[in-house]
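What follows is a short report on a single structure.
The values are calculated or read from the model by the stated rules, or taken from the named source; none is laboratory data. All of these numbers come straight from a predicted model, not from anything done at the bench. Virtual Cβ from ideal backbone geometry, glycine too; neighbours counted across all protein chains shown. Protein only, heavy atoms only, side chains kept; ligands, DNA and RNA dropped before computing areas. Shrake-Rupley method; radii C 1.70, N 1.55, O 1.52, S 1.80 Å.
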Amino acid sequence: SQQGEEDPQALSIQEGENATMNCSYKTSINNLQWYRQNSGRGLVHLILIRSNEREKHSGRLRVTLDTSKKSSSLLITASRAADTASYFCATGGTDKLIFGTGTRLQVFP
Amino acid sequence: NAGVTQTPKFQVLKTGQSMTLQCAQDMNHNSMYWYRQDPGMGLRLIYYSASEGTTDKGEVPNGYNVSRLNKREFSLRLESAAPSQTSVYFCASSEGLANHHQLEQYFGPGTRLTVT
């Protein structure tokens, strides 16, 4: 069964707008990771946030983690057409990751 | 530095046929993983190998076997393919654990398998 559930399942925005995706999970975690998947390709790691961190930035990406609510959000600022992809959260335990079902983001030029 | 490579890229099998999916990584990673991805289901872990010489079942291991041939290579075998195994298969590798934290994974390009 999936540990993480992303919300929304699909999101369409215009270039320049911000995109926010949410991830909820069920059990305690050591870290939470976000990945991007372009159509027909493998996943690419974006960012890792540890359970004792609340916020992390990487370029145009901002990730927050609320362990009390068992949720995380990924914000992509000033989106570009090239950001069009599926985004997955993955919760990290001690030996493996468990992936959510993903959010499909479409950015229109 | 090729990262994670998978062969073949595409495969069509008839029900009952067998095949082996190959995966290799050149990053000297300790851990390797096999996932399947189906529409609307995200990625589901089939088997993983935390280190050379060990393998463990993931969420959906039935109908599959794996071999960690050496530190670089991790193969996935379908002994008797079924239509339910039609999927895209991804191999991934990572350094494993650091201070009890599962580190980021690096993915191959995937194998699209159709079983008729």
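Given the options B:GLY96, B:GLY53, B:GLY40, name the one that is modelled with pLDDT under 95, open to solvent by 50 Å² or more (accessible area, probe 1.4 Å) and closer than 25 Å to A:ASN38 by Cα.
Just one listed residue meets the conditions, B:GLY40.
Considering region A:79-93, the residues that are farther than 12 Å from A:LEU32 by Cα and out of contact with any Lys or Arg (no Cβ under 6 Å at 6 or more places or on another chain) include one that is most open to solvent (accessible area, probe 1.4 Å), namely A:ARG80. Of the numbered criteria (1) at pLDDT 95 or above; (2) within 14 Å of chain A (Cβ to nearest Cβ), the one B:ARG72 fails is (2). Here A:THR27 clears all of (1) over 11 Å from the mean Cα position of the chain (by Cα); (2) within 11 Å of another protein chain (Cβ to nearest Cβ); (3) open to solvent by 50 Å² or more (accessible area, probe 1.4 Å); (4) under 29 Å from B:VAL4 (Cβ atoms) except the condition numbered (2).
Condition check for B:HIS29 on (1) open to solvent by less than 30 Å² (accessible area, probe 1.4 Å); (2) outside any loop (DSSP other than H, G, I, E, B); (3) closer than 23 Å to A:ILE47 by Cβ: one failure, at (2).
Of note, B:THR116 satisfies the criterion of being surrounded by fewer than 16 Cβ atoms within 10 Å (Cβ to Cβ), touching a Pro at 6+ places or on another chain (Cβ under 8 Å) and either closer than 29 Å to A:GLU6 by Cβ or at pLDDT 95 or above (or both). For region B:75-93, filtered to residues that are within 14 Å of another protein chain (Cβ to nearest Cβ) and not small (Gly, Ala, Ser), the residue that is surrounded by the fewest Cβ atoms within 10 Å (Cβ to Cβ) is B:VAL88. Can you confirm whether region A:26-33 contains a residue that is of a type in the set (Ser, Thr, Tyr) and closer than 17 Å to A:GLY100 by Cα? So far as region A:26-33 goes, yes, one or more of its residues are of a type in the set (Ser, Thr, Tyr) and closer than 17 Å to A:GLY100 by Cα.
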